[in-house]
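Structure, as structure tokens:
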Amino acid sequence: MQKSTTSKSLFLLPLLCAGLMSAQNTGWIGQKKESAAKSPQELAKTNGFDRCGTTEYEDFLRKHFPGRLTTEQFEDWLRPLIQKAKNEKSQNGGIVTIPVVVHVIHGGQAVGTAPNIVDEQVMSQITVMNQDFRKLMGTPGYNTNAVGADVQIQFALAKVDPNGNPTNGIDRVNLCQSSFKKDAIDAYVKPETIWDPTQYMNMWSVEFASPNTNLLGYAQFPDGSNLPGLNPLGGYGKTDGVVANFATFGTSDLNNGTFMLSAPYDKGRTMTHEVGHFLGLRHIWGDATCGDDYCADTPTAHTSNGGCPTNIASCNDASVMEMVQNYMDYTNDTCMNIFTINQKDRITAVMNNSPRRASLKTSVKDIAIPLFANDAEVKLERTCSAVTCSGSLNVPVSLYNRGTGVLTSAQITYTINGIAQTPYNWTGSLAQDKSQLLSLPVTAGTMGGPMTISISTVNGGADQRASNNTINDTYVGAPMPVAQNVVFNLQLDYYGSETSWTLKNSAGTTVYSGSGYADQTTPTLPALITQNWTLSTDDCYTFTINDSYGDGIGLDGGYYNIKTTSGTVLLSGGSFTTSQRKVMKAQTLGTSEVDKKNNFGIYPNPVSDFLNVTKVSTKATFEIHNAVGQLVKKGTIDNNKVNVGELLRGNYIITVKDNNISENFKFIKK
């Protein structure tokens with residue numbers, strides 16, 4: 001319910017559950033502080049659960065994005081757009097379908113073992129959101145309230161992945177860790193797994209770790225006005241989306257006996273609530289006593305409600321009851337069943353004008369591409385076992401059936417450092433969009449380095465889709481070969497005191513280390529730390545970097561790399577939780593492993609859409625890494641061009657490989 005402007009001071013209180021906007025920071029505090037937990041009285045309303053991700057996410061946004069719009073600035077921008085939406089009969093004349101990708105985060109558990117929820121549980125969540133946002137008659141999402149609205153938003157699991165290949169919209173990711181605290185989700189899980197947020201609504205099913213074990217979910221509020229001189233208020237694109245505890249993801253109404261859900265939050269309304277925030281809605285009590293949610297048709301609520309109370313008089317009119325059935329309250333899932341007309345107007349304004357929300361309206365990632373009977377996909381999984389100085393670990397891959405027929409056999413060929421390994425022959429039975437984890441054996445003594453994995457045959461014949469058959473990546477299951485003389489670069493984030501690192505030789509002796517760094521007192525990253533390392537030939541070294549807070553250094557632009565003296569990146573990283581470990585072996589590198597300057601060239605730089613690459617053959621390949629060392633795109637250089645149009649703005653490094661020659665170039669995507 002909208003109030004008078006006399007309560008404006010309330011607007012600057014921290015906003016709950018979606019990391020909504022805070023007041024613009026007037027200073028910089030180079031120190032992280034845990035947010036105060038909800039009061040026992042508040043938690044008692046919701047059975048001891050933190051119904052929504054409240055202050056913690058707001059603190060996260062505040063410390064990472066100083067200078068965001070105040071609540072008033074955002075509402076001033078949105079208000080005329082809402083009025084415009086009210087004057088329109090529908091969202092540009094029809095129903096909007098938002099393509100969705102669900103990232104099921106797990107630590108290596110089998111599908112159906114917590115937190116690796118089954119496909120059917122994921123799909124049940126999409127069903128609930130469609131029932132709720134469309135007010136479908138005959139479903140729990142229907143209501144007869146005079147202000148109850150069909151929001152005209154619906155959701156569909158993506159049918160096309162970012163590489164243009166078929167998908168079922170469910171992205172299972174083994175991060176070698178089963179649970180994550182919320183800061184680590186925002187700093188590590190999201191950036192590691194997110195699909196283009198301008199084309200997909202990203203959802204994450206996770207298990208929360210302490211101190212967030214009672215948290216049910218949270219979301220990121222939409223970006224706003226693009227007003228000059230003001231930074232985006234909602235955060236980076238690489239954190240944009242909605243997150244829920246795996247035990248609240250989906251509905252028990254559709255349980256086939258394999259779902260892992262916990263009552264009374266087992267009907268999928270946690271995600272309905274969080275997606276409401278993702279689309280611009282606020283809590284009905286305005287996150288203050290009798291606060292403002294900027295929707296006139298939601299009666300003014302004193303505070304949040306748990307359970308499903310009745311006959312609670314609203315703040316301004318004793319004859320009007322609080323709308324405890326609204327999806328933006330904290331009541332039990334079975335109590336919720338209404339979005340209002342004004343909430344719909346607000347969502348419409350956001351969908352028409354907020355940058356990453358508006359682009360979802362035109363995304364076609366939910367439209368299926370032609371499918372074939374025989375189509376297998378191979379996906380490289382993380383090596384979770386510790387790499388040591390002796391021996392080589394097998395290569396974990398998942399084999400997916402993307403064809404319409406049953407997949408019964410496949411042959412996988414692979415090479416490491418140009419050395420062919422024994423082909424892997426798989427037999428079994430996989431239905432469409434199902435997968436199986438495989439472990440590809442590696443010849444003893446193999447070093448880390450370039451790796452190619454390909455599907456050569458499917459069901460005894462040719463695979464009918466070549467674009468998802470091949471992986472060009474780096475084998476990390478053994479020490480990486482490095483030069484005797486290397487350059488170590490470390491870009492700390494704002495919180496240097498959390499970072500420490502060591503380089504130890506095979507005897508366990510620390511040969512280089514760093515710690516005791518200062519926190520920044522201004523929102524400026526510290527100067528790059530550069531050291532020249534001299535390593536002993538044929539000795540094995542372990543580099544370990546730690547973050548005491550548990551959110552790595554990558555989100556704020558921190559990273560590390562180890563380069564040859566001529567500039568070739570040998571190892572890099574920075575996106576992790578508590579620690580990251582790399583194992584390397586010093587040796588004299590061959591000609592194929594050192595820089596060969598000026599073999600290739602790129603232009604234009606900065607670039608908008610297509611990067612031209614000169615002096616390469618038709619067999620040349622490329623890899624693009626972002627500023628923190630994450631691989632964001634790879635493939636074959638087609639007609640001397642690389643399409644970078646879908647990359648987010650920023651700095652990148654492209655590695656061009658052709659005829660055993662590799663060269664790196666920095667470029668800017670504008």
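The values are calculated or read from the model by the stated rules, or taken from the named source; none is laboratory data. The shown structure was predicted, so the numbers you read here are calculated from the model rather than taken from an experiment. For neighbour counting, all protein chains shown are included, and Cβ atoms are generated from backbone atoms with ideal geometry for every residue, glycine included.
Taking Arg356, is it at pLDDT 95 or above, crowded, with 18+ Cβ neighbours inside 10 Å and not hydrophobic (A, V, I, L, M, F, W, C)? Considered against the rule, which asks whether it is at pLDDT 95 or above, crowded, with 18+ Cβ neighbours inside 10 Å and not hydrophobic (A, V, I, L, M, F, W, C), Arg356 comes out as no.
Selection within segment 167-199: residues that are in a loop (DSSP other than H, G, I, E, B) and under 11 Å from the mean Cα position of the chain (by Cα). The member of this set that is surrounded by the most Cβ atoms within 10 Å (Cβ to Cβ) is Pro197. For the residues Ala527, Ala507, the requirement of being closer than 17 Å to Pro479 by Cα and either of a type in the set (Gly, Ala, Ser) or out of contact with any Asp or Glu (no Cβ under 6 Å at 6 or more places or on another chain) (or both) singles out Ala507. Scanning segment 446-470 for residues that are under 18 Å from Pro423 (Cβ atoms) and in contact with a Phe, Trp or Tyr (Cβ under 8 Å, 6 or more places away or on another chain) yields Thr446, Met451, Thr452, Ile453, Ser454. Taking every residue in segment 428-449 that is basic (Lys, Arg) and pairing it with any residue that is in a loop (DSSP other than H, G, I, E, B), at least 6 positions away or on another chain, the pairs with Cβ-Cβ distances below 9 Å are Lys434/Val111. Only one of the numbered conditions (1) at pLDDT below 95; (2) buried (at least 19 other Cβ atoms within 10 Å of the Cβ); (3) assigned to a loop (DSSP other than H, G, I, E, B) is violated by Met451, and that is (3). Residue count for segment 202-217 satisfying the condition of being out of contact with any Lys or Arg (no Cβ under 9 Å at 6 or more places or on another chain) and either assigned to a strand (DSSP E or B) or buried (at least 23 other Cβ atoms within 10 Å of the Cβ) (or both): 3. Taken over segment 392-404, the residue count meeting the criterion of being polar (S, T, N, Q), surrounded by 15 or more Cβ atoms within 10 Å (Cβ to Cβ) and touching a Ser or Thr at 6+ places or on another chain (Cβ under 6 Å) is 2.
Any residue that is of a type outside the set (Phe, Trp, Tyr), outside any helix (DSSP H, G or I) and free of Cβ contacts under 8 Å to residues at least 40 places away in the same chain - is there at least one of those in segment 114-133? For segment 114-133, residues of a type outside the set (Phe, Trp, Tyr), outside any helix (DSSP H, G or I) and free of Cβ contacts under 8 Å to residues at least 40 places away in the same chain: absent. A single member of Asp287, Asp253 is part of a loop (DSSP other than H, G, I, E, B), touching a residue at least 40 places away in the same chain (Cβ under 8 Å) and under 33 Å from the mean Cα position of the chain (by Cα), and it is Asp287. Among the candidates Asp150, Asp132, the residue that is acidic (Asp, Glu), crowded, with 24+ Cβ neighbours inside 10 Å, at pLDDT 95 or above and more than 13 Å from the chain's Cα centre (by Cα) is uniquely Asp132.
Looking across Thr298, Thr303, one residue alone is out of contact with any helix residue (DSSP H, G or I) (no Cβ under 6 Å at 6 or more places or on another chain) and surrounded by 23 or more Cβ atoms within 10 Å (Cβ to Cβ). It is Thr298.
Condition first: polar (S, T, N, Q), over 29 Å from the mean Cα position of the chain (by Cα) and crowded, with 24+ Cβ neighbours inside 10 Å. Now tell me which residues in segment 322-346 satisfy that. Passing the criteria: only Thr340.
Residues of segment 405-425 that are of a type outside the set (S, T, N, Q) and surrounded by 18 or more Cβ atoms within 10 Å (Cβ to Cβ): Leu407, Ala410, Ile412, Tyr414, Ile416, Tyr424.
Scanning segment 597-631 for residues that are in a loop (DSSP other than H, G, I, E, B), under 23 Å from Gly554 (Cα atoms) and of a type in the set (A, V, I, L, M) yields Ala627, Val628. With respect to the conditions (1) surrounded by fewer than 18 Cβ atoms within 10 Å (Cβ to Cβ); (2) under 30 Å from Ser454 (Cβ atoms); (3) at pLDDT below 95, Asn311 falls short on a single one, namely (2).
The strands (runs of 3 or more DSSP E) falling completely within segment 478-521 that include 1 or more residues that are over 30 Å from Val442 (Cβ atoms) map to 485-491, 499-504, 510-514.
The single condition among (1) crowded, with 20+ Cβ neighbours inside 10 Å; (2) modelled with pLDDT under 90; (3) farther than 24 Å from Gln131 by Cα that Gln220 does not satisfy is (3). So, Asn546, is that one in a strand (DSSP E or B) and surrounded by fewer than 17 Cβ atoms within 10 Å (Cβ to Cβ) or not? When the stated conditions are applied, Asn546 does not pass them. Scanning segment 385-437 for residues that are closer than 22 Å to Gly449 by Cα, of a type in the set (Val, Ile, Thr) and assigned to a strand (DSSP E or B) yields Val395, Val397, Ile412, Thr413, Thr415, Ile416, Ile419.
Yes or no, residue by residue, for (1) closer than 21 Å to Pro162 by Cβ; (2) part of a strand (DSSP E or B); (3) at pLDDT 85 or above:
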{"site": "Lys633", "(1), (2), (3)": "yes, yes, yes"}
{"site": "Gly645", "(1), (2), (3)": "yes, no, no"}
{"site": "Tyr652", "(1), (2), (3)": "yes, yes, no"}
{"site": "Asn664", "(1), (2), (3)": "no, yes, no"}
{"site": "Phe667", "(1), (2), (3)": "yes, yes, no"}
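Based on what the data block shows, is Ser178 under 25 Å from Asp50 (Cα atoms) and in contact with a Phe, Trp or Tyr (Cβ under 8 Å, 6 or more places away or on another chain)? Considered against the rule, which asks whether it is under 25 Å from Asp50 (Cα atoms) and in contact with a Phe, Trp or Tyr (Cβ under 8 Å, 6 or more places away or on another chain), Ser178 comes out as no. Against the conditions (1) at pLDDT below 95; (2) under 28 Å from the mean Cα position of the chain (by Cα); (3) of a type in the set (S, T, N, Q), Ser497 satisfies every one except (1). Among the residues examined, Asp556 qualifies as at pLDDT below 85, of a type outside the set (Val, Ile, Thr) and within 24 Å of Asp493 (Cβ to Cβ).
Matching residues to (1) surrounded by fewer than 16 Cβ atoms within 10 Å (Cβ to Cβ); (2) over 23 Å from Asp473 (Cβ atoms); (3) hydroxyl-bearing (Ser, Thr, Tyr); (4) at pLDDT below 95:
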residue: Thr537; (1), (2), (3), (4): yes, yes, yes, yes
residue: Thr565; (1), (2), (3), (4): yes, yes, yes, yes
residue: Leu570; (1), (2), (3), (4): no, no, no, yes
residue: Gly573; (1), (2), (3), (4): no, no, no, yes
residue: Thr577; (1), (2), (3), (4): no, no, yes, yes
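Quick check on Val275: is it part of a helix (DSSP H, G or I), modelled with pLDDT of 95 or more and buried (at least 23 other Cβ atoms within 10 Å of the Cβ)? Criteria met by Val275.
For segment 550-563, filtering for residues that are in contact with a helix residue (DSSP H, G or I) (Cβ under 6 Å, 6 or more places away or on another chain) and either surrounded by fewer than 20 Cβ atoms within 10 Å (Cβ to Cβ) or aliphatic (A, V, I, L, M) (or both) leaves 2. The selection criterion, being within 18 Å of Arg172 (Cβ to Cβ) and outside any loop (DSSP other than H, G, I, E, B), does not hold for Ser456.
The set of residues in segment 105-149 being touching a helix residue (DSSP H, G or I) at 6+ places or on another chain (Cβ under 7 Å), within 18 Å of Thr258 (Cα to Cα) and β-branched (Val, Ile, Thr) consists of Ile105, Ile117, Thr127, Val128.
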